[in-house]
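Visitor: Let me begin by handing over the structure; questions about it come next.
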Amino acid sequence: MKYSEYPYERIDLDKFKNKIELMINDFSNAESAEKQIKIIQEYQEIQKEYHSFGSIAHLNYARNTKDKKAIEENKFYNEVGPEVAAIDNKFTKAINSSKFKKNLLEKFGDHYFELISMELKSFDSKLVKLMKEENELRNNYRSLLAGAEIEYKGETLNLTGLSPYMQDTDRKTRKEAYTLMNDFFKKNEQELDSIFDKLVKLRNEKAKILKFDNFIPLGYLNMNRSDYGSAEVSEYRKQIVKHVVPLVNKINQKRKDILGYNEMFVYDTLYFKEGNPKPKGGVDFQVQQAKTMYSELSEETKDFFNMMIDEELMDLDNRAGKSGGGFCTSFPSLERPYIFANFNGTDHDVTVLTHEAGHAFQCYQSRKQPINRYLWPTYEACEIHSMSMEFLTWDWMHLFFKEDTEKFLFKHIAGSLAFLPYGALVDHFQHWVYENPNATAKERKSQWLELEKIYQPGKNYDDLDFLKNGGFWQKQAHIYEMPFYYIDYTLAQVCAFQFWIRMQEDRESAWQDYLNLCKAGGSMSFLDLVKLANIKSPFDPKVFEEVANKINNWLNNNKL
Ligand SMILES: [Zn+2]
């Protein structure tokens with residue numbers, strides 16, 4: 001079935017709730033473990049259908065944020081979300097207090113109850129009203145950014161459309177593009193500050209209702225982190241400062257030499273004088289190359305990617321009114337993933353495609369997991385699939401970049417490494433924000449600048465005033481939309497680097513471990529999945545030395 005043929009409807013909330021109330025009742029009165037297991041399984045199917053409808057509503061809206069019907073449907077599913085979460089929470093409580101808990105544990109595994117216990121700690125029906133407000137604020141932020149209409153060179157561009165100019169070979173063009181971006185944010189500064197301030201206060205209030213000191217522990221619970229806390233993350237960030245920041249400085253020095261600049265500014269995004277490598281064709285070309293690539297990589301990827309093409313499960317071009325960024329979503333009742341992206345002719349197109357294909361591939365491989373909570377793992381584990389896929393496909397990058405392949409590989413590895421300090425900065429900043437919920441907008445911005453000195457020393461905004469005054473983070477959607485979801489990318493990046501190393505040493509075993517990891521879905525915690533994949537935990541202090549060394553060697557031996 002093609003995407004356009006998928007069944008879609010609005011659930012009838014009252015009927016939906018009544019049906020689940022009855023199931024909860026049957027569950028609690030069930031006389032045997034078998035009966036309870038059967039009810040849980042039936043409930044999974046109902047939830048799968050609900051999630052598929054919700055995904056379709058969100059996706060159609062992202063595909064056209066100006067479409068009236070899409071706006072309405074998305075609004076509907078945003079609004080019912082907290083109510084459905086509340087009834088789901090009620091079922092979860094019943095499962096948690098089952099008299100057959102031992103049998104349920106045997107059937108679904110410890111991790112199921114670990115997830116349940118985190119959910120129960122992080123939810124209370126008193127939160128529903130605040131959750132709805134939070135959704136609304138998230139939407140305000142998203143629409144504000146998606147609605148950007150920037151006039152440049154005779155065109156009206158959104159922020160994604162502006163980004164190729166930010167990588168232009170002409171320094172003046174790059175600076176102009178950055179200035180336009182700077183000015184867009186400056187123009188909307190008050191609204192951006194106000195939305196964020198409301199979000200911080202609201203999240204803090206949620207934490208207080210649940211009797212936490214501040215939002216941080218709740219943020220971790222919302223991310224379903226069961227095997228590490230903020231103390232481990234804090235130590236981990238220090239490792240990045242120690243091992244990665246110096247190496248990134250070295251790379252930046254090399255870039256400066258290549259470009260022949262005395263000083264590098266934020267808009268000097270180039271790695272090469274003649275420009276960053278570009279894929280040698282548009283969307284159709286890239287999809288064709290990816291088809292070849294995935295058919296050669298493995299049998300599993302071949303079947304998977306052909307399905308994505310045949311069933312029209314990708315929307316990759318950048319259009320006016322389309323929401324920015326890239327993501328992977330899924331329709332669990334149909335057992336299919338979907339890739340959303342905004343190609344703009346830069347090398348980013350290829351990394352987005354391989355990245356999102358990594359998510360989609362995992363989602364497809366773990367589609368038969370018995371419990372919906374096991375379909376996806378926690379976010380840091382999810383990003384291992386996607387970021388490793390970026391590296392597992394290195395041997396085919398020539399299909400996209402031809403004579404510029406070496407340049408792409410250099411930029412990819414250097415960019416991935418440079419990302420670690422930035423990711424740690426975003427994380428550190430968020431810890432500060434939620435430790436100081438009453439800070440003013442100005443204080444938040446100056447704190448950002450303080451932290452930037454640690455993680456990105458030498459970052460120079462030239463005279464771009466909004467950015468120079470500490471506003472850069474306001475374009476980082478995660479900070480608004482999903483608090484504490486960011487260090488995840490760095491944790492996963494450290495795991496992906498290990499796959500990069502292993503691919504060079506023994507491709508076959510690296511692929512097999514990757515495949516096993518994908519199949520396991522979310523049936524284990526992050527650190528258990530890492531173990532399953534035969535890689536080291538990013539919290540192991542030895543990892544950084546090893547990874548930084550290998551990358552340093554690769555860069556030294558690089559022909560560029
Ligand atoms: Zn991702």
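The values are calculated or read from the model by the stated rules, or taken from the named source; none is laboratory data. Bear in mind that the values here come from a model prediction, so they are computed numbers and not experimental data. So basically every Cβ, Gly included, is an ideal-geometry build from the backbone, and we count neighbours across all protein chains shown.
Visitor: Return the pairs, sorted by first residue and then second, in which the second residue is not in a helix (DSSP H, G or I), the first residue lies in the stretch 22-42 and is surrounded by 12 or more Cβ atoms within 10 Å (Cβ to Cβ), the beta carbons are less than 7 Å apart, and the residues are 6+ apart or on different chains.
Guide: That search, which allows pairs on different chains as well, returns 33/100; 36/30; 36/98; 36/100; 39/30.
Visitor: Name the one entry in 91, 100, 108, 123 that is surrounded by 14 or more Cβ atoms within 10 Å (Cβ to Cβ), under 23 Å from residue 523 (Cα atoms) and in contact with a Leu (Cβ under 9 Å, 6 or more places away or on another chain). Spell out how you get there, then give the answer.
Guide: Values: 91 fails: in contact with a Leu (Cβ under 9 Å, 6 or more places away or on another chain); 100 fails: in contact with a Leu (Cβ under 9 Å, 6 or more places away or on another chain); 108 fails: in contact with a Leu (Cβ under 9 Å, 6 or more places away or on another chain).
Just one listed residue meets the conditions, 123.
Visitor: Residue 341: crowded, with 19+ Cβ neighbours inside 10 Å and more than 24 Å from residue 49 (Cα to Cα), yes or no? Lay out the reasoning, then the answer.
Guide: Values: crowded, with 19+ Cβ neighbours inside 10 Å: yes; more than 24 Å from residue 49 (Cα to Cα): yes.
Answer is yes for this residue.
Visitor: Hey, another quick one. Cβ contacts < 7 Å: first residue closer than 15 Å to residue 528 by Cβ and in contact (Cβ under 8 Å) with a residue 60 or more places away in the chain, restricted to the stretch 358-385; second residue basic (Lys, Arg) and surrounded by 21 or more Cβ atoms within 10 Å (Cβ to Cβ), any location; separation 6+ or different chain. Result?
Guide: 378/225
Visitor: How many residues are buried (at least 18 other Cβ atoms within 10 Å of the Cβ), closer than 17 Å to residue 66 by Cβ and touching a residue at least 24 places away in the same chain (Cβ under 8 Å) if we restrict to the stretch 140-163?
Guide: Initial filter on the stretch 140-163 (buried (at least 18 other Cβ atoms within 10 Å of the Cβ)): 141-142, 145-146, 148, 157-163.
Remaining after also requiring closer than 17 Å to residue 66 by Cβ: 142, 145-146, 148, 157-161.
Applying the additional criterion that residues be touching a residue at least 24 places away in the same chain (Cβ under 8 Å) yields 142, 145-146, 148, 158-161.
Here the count works out to 8.
Visitor: While we're here: Restricting attention to the stretch 480-495, and to residues there that are among the hydrophobic types (A, V, I, L, M, F, W, C) and in contact (Cβ under 8 Å) with a residue 40 or more places away in the chain, which single residue is nearest to the ligand (Cβ to nearest atom)? It would help to see each step written out before you state the result.
Guide: So in the stretch 480-495, the residues among the hydrophobic types (A, V, I, L, M, F, W, C) come out as 482, 484, 487, 491-492, 494-495.
If we keep only those that are in contact (Cβ under 8 Å) with a residue 40 or more places away in the chain as well, we get 484, 487, 491-492, 494-495.
Numbers: 484: 15, 487: 13, 491: 12, 492: 8, 494: 15, 495: 13 Å.
Across the stretch 480-495, the extreme among qualifying residues is 492.
Visitor: Quick one: which helices (runs of 4 or more DSSP H) lie wholly within the stretch 326-410 and hold at least 3 residues that are away from the ligand (no atom under 16 Å from the Cβ) and either modelled with pLDDT under 95 or over 16 Å from the mean Cα position of the chain (by Cα) (or both)?
Guide: Numbers: elements: 348-365, 379-392, 398-401.
Filter on the stretch 326-410 gives 398-401.
Visitor: Additional query: Can you tell me which of (1) surrounded by 20 or more Cβ atoms within 10 Å (Cβ to Cβ); (2) out of contact with any Asp or Glu (no Cβ under 8 Å at 6 or more places or on another chain) is the one residue 502 doesn't meet?
Guide: Result: residue 502 passes all but (2).
Visitor: Scan the stretch 452-463 and give yes if some residue there is surrounded by 16 or more Cβ atoms within 10 Å (Cβ to Cβ), outside any helix (DSSP H, G or I) and in contact with an Asp or Glu (Cβ under 7 Å, 6 or more places away or on another chain), otherwise no.
Guide: Yes, the stretch 452-463 contains at least one residue that is surrounded by 16 or more Cβ atoms within 10 Å (Cβ to Cβ), outside any helix (DSSP H, G or I) and in contact with an Asp or Glu (Cβ under 7 Å, 6 or more places away or on another chain).
The rows are residues; the columns are (1) within 25 Å of the chain's Cα centre (by Cα); (2) crowded, with 19+ Cβ neighbours inside 10 Å.
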| site | (1), (2) |
| --- | --- |
| 166 | yes, yes |
| 197 | yes, no |
| 200 | yes, yes |
| 209 | no, no |
| 214 | yes, no |
| 225 | yes, yes |
| 230 | yes, no |
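Visitor: Could you list, in sequence order, all residues of the stretch 364-386 that are surrounded by fewer than 23 Cβ atoms within 10 Å (Cβ to Cβ) and among the charged types (D, E, K, R)?
Guide: Scanning the stretch 364-386 gives 367, 368, 373.
Visitor: If I go through the stretch 284-310 residue by residue, how many of them are small (Gly, Ala, Ser), in a helix (DSSP H, G or I) and touching a residue at least 60 places away in the same chain (Cβ under 8 Å)?
Guide: To start, the set of residues in the stretch 284-310 that are small (Gly, Ala, Ser) comprises 290, 295, 298.
With in a helix (DSSP H, G or I) added as a condition, the list becomes 290, 295.
Then keep just the ones that are touching a residue at least 60 places away in the same chain (Cβ under 8 Å); that gives 290.
Adding up the residues that qualify gives 1.
Visitor: Looking only at the stretch 309-322, how many residues end up being farther than 27 Å from residue 271 by Cβ and within 16 Å of the ligand (Cβ to nearest atom)?
Guide: Here is the first cut: in the stretch 309-322, the ones farther than 27 Å from residue 271 by Cβ are 309-315, 319-322.
Narrowing further to those that are within 16 Å of the ligand (Cβ to nearest atom): 314.
Within the stretch 309-322, residues that are farther than 27 Å from residue 271 by Cβ and within 16 Å of the ligand (Cβ to nearest atom) number 1.
Visitor: Out of 319, 255, report the one residue that is surrounded by fewer than 16 Cβ atoms within 10 Å (Cβ to Cβ), modelled with pLDDT under 95, farther than 26 Å from residue 507 by Cα and not small (Gly, Ala, Ser). Don't jump to the end; show me each part of the working.
Guide: Values: 255 fails: surrounded by fewer than 16 Cβ atoms within 10 Å (Cβ to Cβ).
Step by step, each of 319, 255 is checked, and only 319 is surrounded by fewer than 16 Cβ atoms within 10 Å (Cβ to Cβ), modelled with pLDDT under 95, farther than 26 Å from residue 507 by Cα and not small (Gly, Ala, Ser).
Visitor: Would you check which residues across the stretch 464-491 are among the polar types (S, T, N, Q), in a helix (DSSP H, G or I) and closer than 20 Å to residue 427 by Cβ and list them? Break it down into steps so the answer makes sense when it comes.
Guide: Step one: filter the stretch 464-491 for residues among the polar types (S, T, N, Q), giving 469, 474, 476, 490.
If we keep only those that are in a helix (DSSP H, G or I) too, we end up with 469, 474, 490.
Matches in the stretch 464-491: 474, 490.
Visitor: Which residue pairs have Cβ atoms under 7 Å apart, sit 6 or more places apart or on different chains, and have a first residue in the stretch 440-467 that is within 23 Å of residue 200 (Cβ to Cβ) and a second that is among the acidic types (Asp, Glu)?
Guide: 441/193; 441/197; 466/189
Visitor: Does residue 136 fit the bill of being under 21 Å from residue 321 (Cβ atoms) and out of contact with any strand residue (DSSP E or B) (no Cβ under 7 Å at 6 or more places or on another chain)? Walk me through it before giving the result.
Guide: Details: under 21 Å from residue 321 (Cβ atoms): yes; out of contact with any strand residue (DSSP E or B) (no Cβ under 7 Å at 6 or more places or on another chain): yes.
Yes, satisfied.
Visitor: For the stretch 183-195, which positions are of a type in the set (S, T, N, Q) and within 24 Å of the chain's Cα centre (by Cα)? Before you say what the answer is, go through the steps one by one.
Guide: Looking only at the stretch 183-195, we keep the residues that are of a type in the set (S, T, N, Q), and these are 188, 190, 194.
Scanning the stretch 183-195 gives no hits.
Visitor: Scanning for something part of a loop (DSSP other than H, G, I, E, B) and farther than 30 Å from residue 378 by Cα, does the stretch 155-162 turn up at least one residue?
Guide: Looking only at the stretch 155-162, we keep the residues that are part of a loop (DSSP other than H, G, I, E, B), and these are 158.
With the extra rule that they be farther than 30 Å from residue 378 by Cα, the set shrinks to 158.
Within the stretch 155-162, one or more residues are part of a loop (DSSP other than H, G, I, E, B) and farther than 30 Å from residue 378 by Cα.
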